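No lab work stands behind these numbers, since they all come straight from the coordinates. Being a predicted model, the structure only gives us computed values, none of them experimental. Here Cβ is always computed from backbone atoms with ideal geometry, including for glycine, and neighbour counts include all displayed protein chains.
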Amino acid sequence: MNLVAELEARQREGRPIRVGLVGVGQMGAGLIAQVSQMQGMEVVAAADIETERAVAAFRGCGYSEEEVLLLPPGASSREADEAVRAGKRVVTARATLIPDIASLDAVVEATGVPSVGALVAYRTILARRHIIMLNVETDATIGYLLKRMADAAGVVYTTSAGDEPGAILELYDFARSLGFEIVAAGKGKNNPLDRSATPQQLAEQARSRHMSPHMLTSFVDGTKTMVEMTAVANATGLVPDVSGMHGPQATPETLARIFCPREDGGILGRRGVVDYALGSVAPGVFLVIT
């Protein structure tokens, strides 16, 4: 049975996958919106220090004011669970409340804050619920340990499909299953590279894009790319060819000529590397195989 059929079956049987979300920024709000269009799955609880963002995300998907419950600061996980079972969409400012809601099947961590992601993932695994990381910062830091913990607890620890690391891993698994050797795996950098960028310089641009200045700076100065490719390296065993990777200008047509060993006319000192490209490869990911 394929994924769509399984989700449709859950919808028919009245047992959708109940998901809790921590972090309702751009990616978290997008997750709520997308899941609201799906069958067999629903986001039923969300935590954000700015609770109005979580409320707005649910209301934007068509839930009425009566269907969205903002929990008071001292609310217990039992109260949250009772509200979920009653059909409410629960909102809280406390990230650590979400893993303790008994009726949840899985938790998605999307804060982008390493310490918060680590705590939420740890609490979720202890509660024996599946944890999906939309927090590559945490994954790059202690993802290996969290995966070991989840395996021991009999639950799933995974990054997300769709974001660059997950998309690269899908290509990687497909190529490996067909017996290909991986020469290079990488992504196109989505923003022009400026290693000297600061949050102060990008404050106005961040406001216009409804982003945190610190997060936008991490996109522009290369930090986010380094973190994402660290996550890929941890998951695959591929390594940077040089410190900081090469990051050349490239197009989809020139990737295979650039990301290959020097003896073959490329820039690499070895096979089996992670890297990134500037230019028109963004916002895609790539694999060079042989």
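Some observations on this one:
- Segment Asn2-Ser76, length gained on full extension (0.36 nm per residue, minus Cα span): 22.9 nm
- Rounded to the nearest 10 degrees, the inclination of helix 136-153 to the longest alpha-carbon principal axis of the chain is 60 degrees.
- Between 0 and 90°, nearest 10: helix 26-35 axis offset from the chain longest Cα axis: 60 degrees
- Amide H to amide H, with H built 1.01 Å from N, Arg89 comes under 5 Å of Val68, Leu69, counting only residues 5 or more places away or on other chains.
- Relative to the longest principal axis of the Cα atoms of the chain, the long axis of helix 164-177 makes an angle of roughly 70 degrees.
- Per residue, the chain reaches -12000 deg cm²/dmol at 222 nm when only DSSP H runs of four or more residues are counted, each adding -39500 (n - 2.57).
- FRET efficiency, Val156 to Arg12 (Cβ-Cβ, R0 22 Å, nearest 0.05): 0.40
- Summarised as an ellipsoid, the range 5-160 has semi-axes of 23, 18, 15 Å, derived from the eigenvalues of the Cα gyration tensor scaled by 5 and square-rooted, with the largest first.
- Rg/Rh ratio calculated on Cα atoms of the range 76-116 (Kirkwood radius): 0.98
- Between Gln26 and Ser64, the simple label model (points 7 Å from Cα in the Cβ direction) yields a spacing of 3.4 nm.
- Relative contact order (percent, whole number), the chain, Cα cutoff 8 Å, 6+ residue spacing: 15 percent
- Separation of alpha-carbon centers, the range 189-217 and the range 98-137, rounded to whole Å: 27 Å
- Whichever aspartates and glutamates have a C-alpha closer than 20 Å to that of Lys187, once near sequence neighbours (fewer than 8 apart) are set aside: Glu137, Asp139, Asp163, Glu164, Glu170, Asp173, Asp221, Glu228, Asp241, Glu253, Asp275
- Average projection, convex hull of the Cα set of the chain: 16.8 square nanometres.
- Shown in residue order for the range 82-91 are the 3J(HN,Hα) couplings computed by the Karplus curve 6.51 cos²θ - 1.76 cosθ + 1.60 at θ = phi - 60°: 4, 5, 4, 5, 7, x, 7, 9, 9, 10 Hz (x for Gly and Pro).
- Distance in nm between pseudo-label sites at Arg148 and Ile49 (7 Å out along the Cβ direction from Cα): 3.0 nm
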